[in-house]
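Asker: Would you mind keeping the following structure in view while I ask a few things?
The values are calculated or read from the model by the stated rules, or taken from the named source; none is laboratory data. From a predicted model like this one, the values you see are computed outputs, not experimental measurements. As a convention, Cβ positions derive from the backbone with ideal geometry for all residues, glycine included, and neighbour counts pool all protein chains shown. For accessibility, only protein heavy atoms count, side chains too; no ligands or nucleic acids. Shrake-Rupley method; radii C 1.70, N 1.55, O 1.52, S 1.80 Å.
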Number of protein chains: 2
Amino acid sequence: MINEDYKAMLGGKSVIRELSEYATARGKEIGYENVFDYSLGNPSVPAPSAFTDAMVDLYEHGDPVAIHGYSPSLGIPSVKDAIAGNLNERFGMDYTGNHIFPTTGAAGALAHAMRAVTKPGDEIITFAPYFPEYQPYVNGTGAHLAIVPADTENFQINFEAFEAALNPNVMAVLINTPNNPSGAVYSAATLERLAGILRARQTEYGHDIFLISDEPYREIVFDGGEQAYPAKYYNNTLTCYSWSKSLSLPGERIGYVAVNPAATDADLLVPMMGQISRGTGHNCPPSSIQLGVSKVLGETADLSVYETNMNLLYDALTSIGFDVVRPGGTFYIFPKALEDDATAFCLKAKEHDLILVPSDSFGVPGYFRMAYCIDTEKVKRSIPALEKFAHEVYGVN
Amino acid sequence: MINEDYKAMLGGKSVIRELSEYATARGKEIGYENVFDYSLGNPSVPAPSAFTDAMVDLYEHGDPVAIHGYSPSLGIPSVKDAIAGNLNERFGMDYTGNHIFPTTGAAGALAHAMRAVTKPGDEIITFAPYFPEYQPYVNGTGAHLAIVPADTENFQINFEAFEAALNPNVMAVLINTPNNPSGAVYSAATLERLAGILRARQTEYGHDIFLISDEPYREIVFDGGEQAYPAKYYNNTLTCYSWSKSLSLPGERIGYVAVNPAATDADLLVPMMGQISRGTGHNCPPSSIQLGVSKVLGETADLSVYETNMNLLYDALTSIGFDVVRPGGTFYIFPKALEDDATAFCLKAKEHDLILVPSDSFGVPGYFRMAYCIDTEKVKRSIPALEKFAHEVYGVN
């Protein structure tokens, strides 16, 4: 018989998807070049040619039975070893291939990491603003997602609120840095302080608290900076990654969980994720794509366009008079709306063919997100539209 | 904190995987050509060149941003339309693209189909012998798997036992035809009778009972025969498919659920599966592979080797004196062991470097499975070893 719970979820469409669909439909009316569509976080630059070359080489010269054969249920050993080696080299870790669990993108990684270290009824804490899909991801595990209010000063962590939210039911803390939607890059100081609090609470509560670190934007950091590696700061860290952004492969669903070798039961966690897969129908990501990415671990797509776009938008928004924290990375910016009701604000912007996402679904009222993974030329053309909108609707000069 | 339930599952290794790993290790000692490894159902023939060509063409001439971009959450429309059209043409159905939900292989398809039509606590019935992974698949949904004993006469359905097993808690019935491990192909008469019983019980119980039909071996049918299409016989059918076997792409994790347009709430079921995905981290299968298979829907790998191997083995086993039902399809054969304890039998066979899988994990005692997706030359060489084993251990002449 049809499952009524899932049927009831049918109403709950993603605001972002809805706006993106509106933008596409509106584009058919007035030409998509005239719709300033800042809705969707879909990378706008091509995958690096090294990836294309690696895949064509696999298809043309590989043994099809081998490249399309079943992956072992914990991933292809050579791929796992290559990922471990790359992380060790970049971040001074000491992973082996056995600590790496390849997954179908970051969604798959988070699904496994959460199930491995929580049980139904447990609490997982995350920090606003947060990616709205965290809610269904956590719901699917049977755990409960608790939200710590935002540090709107600079979108690092509101530690006072975090300390107040912690309690013995919290088995995992979920962070996302560089952050969607704020563009914030958690600093070493933030990670240090977070780790210190978690260590103290582990002792106080007498159980492990895992840090689940969602890092698909790791390589998109501006001003020549780098994202400090969270697992470096805290032993019980499960690092969740996807090549969606760094290699511009969002549709290929390829990522991993990396279990810190210093974590409690580090050697059991990857085999446990293999067991979790059996119950969710996940299995491994495609063999050929595991092999393909393992050949280009040092590569990224040309990510410079995101920094160019960020600077254009940040300068324009600031000069128009928006209150906005300068993003340290990602391809998002998260300014304060010009009225308290972010949804009303974004509806009015829509009338000016500016497609902005209200902040409510990110767990913060009164802001909006712009995903500037679009052509720089369009960003430039959108600036007069932003000025006109702010002037005509809100009297900003 | 680490999840104790998944930790406890770590003991539960698949017998098949364990045997396969033994065969690999033994092969390192005596040469793999001397190990008659019938353990693993991993297709032995290459993917058709049409698939390779389609993928190389996509990589070389496609727009990387488009081919690697996010798939809509219910699948790529052109791919869904192509699959629907192909099924309609072959089986006289009237699917639209909206009835097709692309998944990461049959495991992903079953995970979604089961969740869509059962809730935790419900009962799902399947028939012995059955694929052992059905147990964790069903456990993962919270439903309960009930097993109907085998019809050992011809491995169709034991209808008497089925009728006795049905009860108002049964919300779904799971079939697998052509069948792993028996090689049986359910006949039109079997499907007709099954459908009749389900319709009667739906009326009696006052609720839908869905038929979940797992069909990855659909195209491997011998003697020029065809698998009757189960959805043709019963409206409430969810067809689960994978191209693992037909295109020899097991590692690429690509398949679908097809919802019979005549099913209850047919138009809701695919969108519901989209919601289910959000909770399991499944998301869509890789965009490029969705696009690739959609170009070769009329193709298969050269599957003829499986029929050649089946005939060689069936004749040899029969002439040695095994009690065996001739497979109608797949690349499995399921003879009766030469003693009641199938595990003891297979352990003795292992001493003769014959790697056979005992039937206990398939829900039938006293049989063994041979997966003959191996070179014909090796099948031929294994026959004297089978004869010698049966003679030396069981005195069969």
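Per-residue answers, yes or no, for (1) touching a Gly at 6+ places or on another chain (Cβ under 7 Å); (2) open to solvent by 10 Å² or more (accessible area, probe 1.4 Å):
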position: A:97; (1), (2): no, no
position: A:109; (1), (2): yes, no
position: A:156; (1), (2): no, yes
position: A:164; (1), (2): no, yes
position: A:167; (1), (2): no, yes
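Asker: What number of residues in region B:270-299 are more than 7 Å from chain A (Cβ to nearest Cβ) and in a helix (DSSP H, G or I)?
Answerer: Looking only at that region, the number is 9.
Asker: Is it the case that residue B:376 is free of Cβ contacts under 8 Å to residues at least 60 places away in the same chain, polar (S, T, N, Q) and surrounded by fewer than 21 Cβ atoms within 10 Å (Cβ to Cβ)?
Answerer: So residue B:376 does not fit the description; no.
Asker: If you take the residues of region B:1-60 that are more than 10 Å from chain A (Cβ to nearest Cβ) and in a loop (DSSP other than H, G, I, E, B), which of them is farthest from the chain's Cα centre (by Cα)?
Answerer: Among residues in region B:1-60 that are more than 10 Å from chain A (Cβ to nearest Cβ) and in a loop (DSSP other than H, G, I, E, B), the one farthest from the chain's Cα centre (by Cα) is B:31.
Asker: Something else now. As an exercise: evaluate residue A:278 against (1) open to solvent by 10 Å² or more (accessible area, probe 1.4 Å); (2) outside the structural domain of residue A:328 (by TED's automatic domain parsing); (3) over 29 Å from residue B:242 (Cβ atoms); (4) more than 20 Å from the chain's Cα centre (by Cα) and give the number of the one condition it does not meet.
Answerer: (3)
Asker: Can you name every residue in region A:248-264 that is crowded, with 24+ Cβ neighbours inside 10 Å and hydroxyl-bearing (Ser, Thr, Tyr)?
Answerer: If the condition is that a residue be crowded, with 24+ Cβ neighbours inside 10 Å and hydroxyl-bearing (Ser, Thr, Tyr), then A:248, A:256 are the ones that fit.
Asker: Any residue in region B:149-176 that's closer than 26 Å to residue B:217 by Cα and assigned by TED's automatic domain parsing to the domain that holds residue B:230: show its pairings with residues that are among the small types (Gly, Ala, Ser) and surrounded by fewer than 17 Cβ atoms within 10 Å (Cβ to Cβ) at Cβ separation under 6 Å, as long as the two are six or more apart or on different chains.
Answerer: So the pair list comes out as B:149/B:161.
Asker: Within region B:127-154, track down each residue that is touching a helix residue (DSSP H, G or I) at 6+ places or on another chain (Cβ under 6 Å), buried (at least 21 other Cβ atoms within 10 Å of the Cβ) and within 13 Å of residue B:165 (Cβ to Cβ).
Answerer: Of everything in region B:127-154, just one residue is touching a helix residue (DSSP H, G or I) at 6+ places or on another chain (Cβ under 6 Å), buried (at least 21 other Cβ atoms within 10 Å of the Cβ) and within 13 Å of residue B:165 (Cβ to Cβ), namely B:148.
Asker: Suppose the filter is open to solvent by less than 20 Å² (accessible area, probe 1.4 Å), farther than 30 Å from residue B:39 by Cα, acidic (Asp, Glu) and at pLDDT 95 or above; does residue A:37 pass it?
Answerer: yes
Asker: Can you tell me which residue is nearest to residue B:280 (Cα to Cα) among those in region A:127-148 that are touching a residue at least 40 places away in the same chain (Cβ under 8 Å) and away from every other protein chain (no Cβ under 14 Å)?
Answerer: Among those residues, the one meeting the criterion is A:130.
Asker: Here's a follow-up. Could you tell me which numbered condition residue A:337 fails, if it satisfies all but one of (1) among the small types (Gly, Ala, Ser); (2) farther than 24 Å from residue A:385 by Cβ; (3) in contact with a strand residue (DSSP E or B) (Cβ under 7 Å, 6 or more places away or on another chain); (4) open to solvent by less than 20 Å² (accessible area, probe 1.4 Å)?
Answerer: (2)
Asker: Just for region A:61-79: of the residues that are within 9 Å of chain B (Cβ to nearest Cβ) and assigned to a loop (DSSP other than H, G, I, E, B), which one is surrounded by the most Cβ atoms within 10 Å (Cβ to Cβ)?
Answerer: A:68
Asker: How many of the residues making up region A:111-126 are under 20 Å from residue A:216 (Cα atoms), at the interface with another protein chain (Cβ under 8 Å from one of its Cβ atoms) and either open to solvent by 10 Å² or more (accessible area, probe 1.4 Å) or of a type outside the set (A, V, I, L, M, F, W, C) (or both)?
Answerer: Number of matching residues: 2.
Asker: Checking residue B:267 against (1) open to solvent by 10 Å² or more (accessible area, probe 1.4 Å); (2) more than 7 Å from every other protein chain (Cβ to nearest Cβ); (3) assigned to a loop (DSSP other than H, G, I, E, B), only one condition comes out false. Which one?
Answerer: For residue B:267, the exception is condition (3).
Asker: Please verify whether region A:91-104 includes one or more residues that are part of a helix (DSSP H, G or I), within 12 Å of another protein chain (Cβ to nearest Cβ) and touching a residue at least 40 places away in the same chain (Cβ under 8 Å).
Answerer: Within region A:91-104 (the criterion being part of a helix (DSSP H, G or I), within 12 Å of another protein chain (Cβ to nearest Cβ) and touching a residue at least 40 places away in the same chain (Cβ under 8 Å)), the answer is no, since none of the residues qualifies.
Asker: OK, next. Is it fair to say residue B:88 is open to solvent by 30 Å² or more (accessible area, probe 1.4 Å), in contact (Cβ under 8 Å) with a residue 12 or more places away in the chain and outside any loop (DSSP other than H, G, I, E, B)?
Answerer: For residue B:88, the condition - open to solvent by 30 Å² or more (accessible area, probe 1.4 Å), in contact (Cβ under 8 Å) with a residue 12 or more places away in the chain and outside any loop (DSSP other than H, G, I, E, B) - is not met.
Asker: Mind counting the residues in region B:15-61 that are polar (S, T, N, Q) and either touching a helix residue (DSSP H, G or I) at 6+ places or on another chain (Cβ under 7 Å) or closer than 18 Å to residue B:334 by Cα (or both)?
Answerer: Here the count works out to 5.
Asker: Still on this structure, please answer the following. Can you name the residue in region B:299-314 that is open to solvent by 20 Å² or more (accessible area, probe 1.4 Å) and in contact with a helix residue (DSSP H, G or I) (Cβ under 8 Å, 6 or more places away or on another chain) and, of all such residues, is nearest to residue B:247 (Cα to Cα)?
Answerer: B:299
Asker: Sticking with this one: So residue B:82 fits all but one of (1) surrounded by 14 or more Cβ atoms within 10 Å (Cβ to Cβ); (2) within 14 Å of chain A (Cβ to nearest Cβ); (3) of a type in the set (Gly, Ala, Ser); what number is the exception?
Answerer: (2)
Asker: Still on this structure, I have one more. So, residue B:39, is that one among the hydroxyl-bearing types (Ser, Thr, Tyr), touching a residue at least 24 places away in the same chain (Cβ under 8 Å) and touching a Leu at 6+ places or on another chain (Cβ under 8 Å) or not?
Answerer: yes
Asker: Answer with yes or no whether residue A:393 is touching a helix residue (DSSP H, G or I) at 6+ places or on another chain (Cβ under 9 Å), of a type in the set (A, V, I, L, M) and under 20 Å from residue A:24 (Cβ atoms).
Answerer: no
Asker: State all residues of region B:236-264 that are of a type in the set (Gly, Ala, Ser), more than 13 Å from the chain's Cα centre (by Cα) and part of a loop (DSSP other than H, G, I, E, B); if no residue qualifies, say none.
Answerer: B:248, B:262, B:263
Asker: Of the numbered conditions (1) touching a strand residue (DSSP E or B) at 6+ places or on another chain (Cβ under 9 Å); (2) assigned to a helix (DSSP H, G or I), residue A:308 satisfies every one except a single condition; which is it?
Answerer: Of (1) touching a strand residue (DSSP E or B) at 6+ places or on another chain (Cβ under 9 Å); (2) assigned to a helix (DSSP H, G or I), only one is false for residue A:308: (1).
Asker: Inside region A:181-207, can you point out the residues that are open to solvent by less than 20 Å² (accessible area, probe 1.4 Å), part of a helix (DSSP H, G or I) and away from chain B (no Cβ under 14 Å)? Please lay out each step first, then the result.
Answerer: Narrowing region A:181-207 to residues open to solvent by less than 20 Å² (accessible area, probe 1.4 Å): A:181-184, A:186, A:190-191, A:194-195, A:197-198.
Subset that is part of a helix (DSSP H, G or I): A:190-191, A:194-195, A:197-198.
Residues satisfying the conditions are A:190, A:191, A:194, A:195, A:197.
Asker: Does region A:230-247 hold any residues that are away from chain B (no Cβ under 14 Å) and open to solvent by 10 Å² or more (accessible area, probe 1.4 Å), and which are they?
Answerer: The answer is A:232, A:233.
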